[in-house]
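Worksheet: one structure, shown below.
Any read-out appearing in this document is the output of simple, stated calculations on the displayed coordinates, not a laboratory observation. The model shown is predicted, which means the values in this text are computed figures rather than measured ones.
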Amino acid sequence: MPIVGKAELMQRVLRGIEASGWRWKMQNQNHPFRIAAFDQESRTNLVVYVWNITHGGGAARPEDEYRIQLTGVTPPLISLPDGPTLLMGWSEDWTLFAAFDARLHSRFSERSPSIQFRREVIDTAIASGVALHRRSNGEVVVVFRPEFLMTYAMNRDGFHAGSLAVVRRRQAVIEQISRTVEGIAVPAPPDAEIVGRDRIIKAANRALRDGSFKNRVLRAYGYACALCGMQFDVIDAAHIVPVERLVNFSTRNGLCMCPNHHRAYDKGLIVVEPSFSITVDQARLAYYKSHRRAEGEENLLGSIFRHLRVPANPLEQPAPNLLKLGMEIRREN
Ligand SMILES: [Zn+2]
C-alpha cells in the first residue's frame with residue numbers, strides 16, 4: 001500500500017473539497033489541518049485529522065483488517081464550535097477516505113492509538129461510492145470517494161448515528177441509488193418516500209446524482225478525448241475495467257474517448273498502458289490488414305497521442321492497476 005506524506009494528505013483533502021464543488025482557504029497547515037470551506041450558500045471551518053490507511057499488520061490480526069494509527073497527535077482531539085472535526089484515513093490505492101466518529105475517539109489511548117475496520121467496507125465503497133459500516137462497538141465507519149467529502153462533513157453527526165437496522169437500510173438504499181444513477185438495472189429503484197424521509201439518505205442521494213460517473217469523467221477530461229483531443233460533445237465516458245467485470249464508478253476507472261477511439265480501445269487495437277503510453281497492437285493491426293479491413297488506418301490511428309492526456313488532479317487520473325486489468329481483459333477478447 002503506497003503511503004503518502006502529510007503534505008500530500010493535505011492535498012488529497014483539498015482536492016476532495018474541490019471535487020465536492022466547494023472552495024477552501026487554508027487556516028493552519030500543521031496537522032491537524034484547519035480549513036475554511038465554502039460554497040454559494042454555506043461556510044464551515046474544518047479541523048482535519050488524516051493518516052494513511054494501512055494494513056492491520058501482525059500475525060495476530062485478521063488478514064482483511066485495515067487501520068489508521070493516530071500518531072503524532074496528543075489527546076484530546078481538537079473540537080471547535082464553528083465546524084466539524086474530521087478523523088479520517090486516506091487510501092492512495094483506492095482513492096477513498098475512511099471517516100471515524102471523532103467524538104468517540106476524542107480521548108484515544110496514546111499506548112494503542114489505532115482504529116481498525118474490515119476490507120469489505122472498502123469493497124462496498126469502491127462499488128457504490130459510499131459505504132456505511134457499523135462496528136461491533138456501535139461506531140459507524142463511513143468510507144467514501146473524494147467528491148463525497150463535503151456531503152459527509154456537513155452531515156457528519158447523522159452519518160455516524162443510527163442503529164444497526166438503520167445503517168443497513170441506509171446502505172442498501174445508497175447502493176440502489178448508485179446503481180440507478182450509473183444506469184445498471186436494479187430490481188426496484190429506491191423508494192422515493194424513504195429517500196425523502198431520511199436526511200442522510202437524502203444527502204447521499206443528491207451527492208451521488210450530482211457526481212455520476214459520466215459527469216465526473218467528462219468534466220475531469222475537459223470534454224475531450226484523452227487519446228486525440230476531439231471534443232464537439234461526441235465523446236464517451238468509458239469504463240477502463242468494464243462494469244461486467246468490476247463494479248467501480250471511481251473517476252479513476254474512467255477515460256474520456258471519442259467514439260472511434262473508444263471502439264478501437266475496446267477491440268484491443270489501441271492499447272493504453274499503465275504508464276499512460278498509448279500504443280497500437282501490431283498483431284491486431286496485421287490481422288485487419290491481412291483481411292483487407294484496415295482502410296482508414298491513418299484517420300483512426302494517425303491522430304492519437306503518444307501519451308494519454310489525463311486530468312491534472314491525481315485523484316481523477318486513471319489508476320495504473322485498473323489500466324493494467326483493462327489491458328488484460330481486452331487482450332483476451
Ligand atoms: Zn479520439
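What lysines could a cross-link reach from Lys25, if we take a straight Cα to Cα line under 19 Å and drop same-chain neighbours fewer than 8 places away?
Straight-line reach from Lys25, under 19 Å: Lys6.
Can you work out ³J(HN,Hα) from phi for every residue in the range 243-253, in order, using Karplus 6.51 cos²θ - 1.76 cosθ + 1.60 and θ = phi - 60°, giving whole Hz and x for Gly and Pro?
Residue by residue, the range 243-253 yields 4, 4, 8, 7, 7, 8, 9, 5, 4, 6, 9 Hz.
Once each part is reduced to its C-alpha centroid, what is the distance from the range 157-171 to the range 10-24 in angstrom?
Centre-to-centre (Cα) distance: 26 Å.
What per residue convex hull volume, in Å³, do the alpha-carbon atoms of the range 214-332 yield? Show your work: numbers first, answer last.
Numbers: hull volume 11.7 nm³, N = 119.
Dividing the Cα hull volume of the range 214-332 by its residue count gives 98 Å³.
Mind checking which of His291, His31, His133 has the largest fluctuation in a GNM of the chain, springs on alpha carbons under 10 Å?
Comparing His291, His31, His133 in the GNM, the peak value goes to His291.
If the cut-off is 20 Å between C-alpha atoms, which aspartates and glutamates fall inside it for Lys324, apart from same-chain ones fewer than 8 positions away?
Counting by Cα, and skipping residues close in sequence, Lys324 has these aspartates and glutamates nearby: Glu92, Asp93, Asp123, Glu244, Asp266, Glu273, Asp281, Glu316, Glu332.
Once each part is reduced to its C-alpha centroid, what is the distance from the range 307-325 to the range 29-48 in angstrom?
Their Cα centres are 28 Å away from one another.
If you stretched the chain out fully between Thr71 and Glu328, how much longer would it get, using 0.36 nm times the residue separation minus the C-alpha to C-alpha distance?
Details: separation 257, 0.36 × 257 = 92.52 nm, distance 3.98 nm.
Between Thr71 and Glu328, full extension yields an extra 88.5 nm.
In whole Hz and in residue order, list the ³J(HN,Hα) couplings for the range 86-94 that follow from phi through the Karplus curve 6.51 cos²θ - 1.76 cosθ + 1.60, θ = phi - 60°; x for Gly and Pro.
Result, rounded to whole Hz: 9, 10, 9, x, 10, 10, 5, 5, 9.
Quick one: the Cα spread of the chain along its three principal axes, in angstroms, biggest first?
Ordered largest first, the chain gives principal extents of 72, 44, 44 Å.
GNM, the chain, Cα, under 10 Å: largest mean-square fluctuation among Ile240, Ile200, Ile278?
Highest fluctuation among the options: Ile278.
If you take the alpha carbon radius of gyration of the range 1-128 and divide it by 2.2 N^0.38 Å, what ratio comes out, to two decimals? Walk me through the numbers on the way to the answer.
Details: Rg = 14.9 Å, N = 128, 2.2 N^0.38 = 13.9 Å.
So the Cα radius of gyration is 1.07 times the expected 2.2 N^0.38 Å.
Add -39500 (n - 2.57) for each DSSP H run of 4 or more in the chain, then divide by its residues: what number comes out at 222 nm, to the nearest 500 deg cm²/dmol? It would help to have the intermediate numbers written out before the result.
Numbers: 12 runs with 113 residues, N = 333.
It comes out at -9500 deg cm²/dmol, rounded to the nearest 500.
From the phi angles alone, apply the Karplus equation (6.51, -1.76, 1.60; θ = phi - 60°) to the range 40-50 and give each ³J(HN,Hα) in whole Hz, x where the residue is Gly or Pro.
4, 9, 10, 9, 8, 10, 9, 9, 10, 9, 8
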